[in-house]
Amino acid sequence: MGMAAVIYEKGAPDNFVWEEIKVGSPERGQVRLRSTAVGVNFADTYHRAGIPHPMIVGDPPVVVGFEGVGEIEELGPGVTGFSVGERVCTCLPPIGAYSQERLYPADKLIKVPKDLPLDDVQLAGLILKGMAGITPDPIDGCIKAQTRQVLQRVDELLQEAGTDRSRLLSAQVWLADMRQFEDHNAVWNEWVDPSNPPVRACLTTQFWRPGMLVEVMVTAALR
């Protein structure tokens with residue numbers, strides 16, 4: 001059992017209800033997390049108010065929030081690569097970070113480097129701070145051409161930040177048409193560091209600019 005900010009009707013901020021929820025044990029591929037700090041993202045206001053957004057938000061009752069730092073309390077069957085007590089981050093769906101405890105898919109967890117000089121509150125506030133998806137510019141060509149262009153720009157920005165693709169922690173990809181995933185993925189697999197592939201979520205969305213086929217956002221640790 002744990003406490004959470006539950007929404008029974010999407011709308012104004014006073015629709016949050018702080019109440020006890022039943023968390024239960026993790027199923028296959030899941031972990032149970034104890035939250036130590038939660039980030040507040042502007043997108044949370046869309047989810048709370050019911051405004052359309054690329055991230056999927058279920059019908060009420062629902063707990064929102066996707067940026068958080070926590071400690072693994074229990075591993076579900078089949079989970080490897082993580083340990084009880086390990087410090088981890090979340091910034092990908094499913095949402096539900098506005099809670100003291102929750103279940104979360106292990107394949108979307110972000111590992112925290114042990115030498116990272118940030119406490120939990122600092123880290124929760126920095127996970128997606130100032131980040132935006134990288135889009136093709138100019139918007140031209142097929143999905144493979146646009147993906148190559150975007151990933152080249154990602155390389156440039158990572159270099160400016162003092163890191164590189166080998167230090168990626170997570171990635172989010174939006175495609176205009178999921179039927180183009182295989183072509184996109186072929187370029188991605190050529191680009192990504194095979195010894196350190198990041199956790200990646202791939203979603204489909206309707207882009208606001210005609211002809212845009214792909215958008216990519218990544219999180220990386222510093223060297």
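Some points to look at:
- Meets criteria (assigned by TED's automatic domain parsing to the domain that holds ASP120, without any contact (Cβ under 8 Å) to a residue 40 or more places away in the chain and of a type in the set (Gly, Ala, Ser)) for GLY81: yes
- Tally, over segment 164-202, of residues that are touching a residue at least 24 places away in the same chain (Cβ under 8 Å), among the hydrophobic types (A, V, I, L, M, F, W, C) and part of a helix (DSSP H, G or I): 5
- Just one of the listed residues (ASP155, ASP164, ASP120, ASP115) is of a type in the set (Asp, Glu), modelled with pLDDT of 90 or more and over 17 Å from VAL216 (Cβ atoms), namely ASP120.
- The set of residues from segment 135-163 being surrounded by fewer than 14 Cβ atoms within 10 Å (Cβ to Cβ), assigned to a loop (DSSP other than H, G, I, E, B) and in contact with a Lys or Arg (Cβ under 9 Å, 6 or more places away or on another chain) comprises ASP137, GLY162.
- In segment 167-222, residue modelled with the lowest pLDDT [restricted to those that are surrounded by 19 or more Cβ atoms within 10 Å (Cβ to Cβ) and among the aromatic types (Phe, Trp, Tyr)]: TRP174
- Filtered residues of segment 142-201 (kept if among the polar types (S, T, N, Q) and in contact with a Pro (Cβ under 8 Å, 6 or more places away or on another chain)): GLN146, GLN149, SER170
- Test: residue in segment 56-78 that is touching a Phe, Trp or Tyr at 6+ places or on another chain (Cβ under 7 Å), assigned to a loop (DSSP other than H, G, I, E, B) and among the β-branched types (Val, Ile, Thr): yes
- Among all residues of segment 10-31, there is at least one that is under 19 Å from the mean Cα position of the chain (by Cα) and under 17 Å from SER99 (Cβ atoms).
- Only a single item in (1) among the charged types (D, E, K, R); (2) touching a residue at least 24 places away in the same chain (Cβ under 8 Å); (3) closer than 21 Å to LEU116 by Cβ is not met by GLU160, and it is number (2).
- A single entry from GLY29, GLY85, GLY70, GLY58 fulfils the requirement of being touching a Lys or Arg at 6+ places or on another chain (Cβ under 8 Å) and either under 26 Å from LEU126 (Cα atoms) or among the small types (Gly, Ala, Ser) (or both): GLY70.
- Any hit, segment 78-90, residues being loosely packed, with under 15 Cβ neighbours inside 10 Å and of a type in the set (D, E, K, R): no
- As a summary of the residue check, LYS114 satisfies the conditions (1) more than 28 Å from TRP208 (Cβ to Cβ); (2) part of a strand (DSSP E or B) except for the one numbered (2).
- Exactly one residue out of SER25, SER35 is among the small types (Gly, Ala, Ser), surrounded by 14 or more Cβ atoms within 10 Å (Cβ to Cβ) and more than 18 Å from VAL199 (Cα to Cα), and it is SER35.
The values are calculated or read from the model by the stated rules, or taken from the named source; none is laboratory data. Being a predicted model, the structure only gives us computed values, none of them experimental. Backbone-built Cβ (ideal geometry, glycine too); neighbour counts: all protein chains shown.
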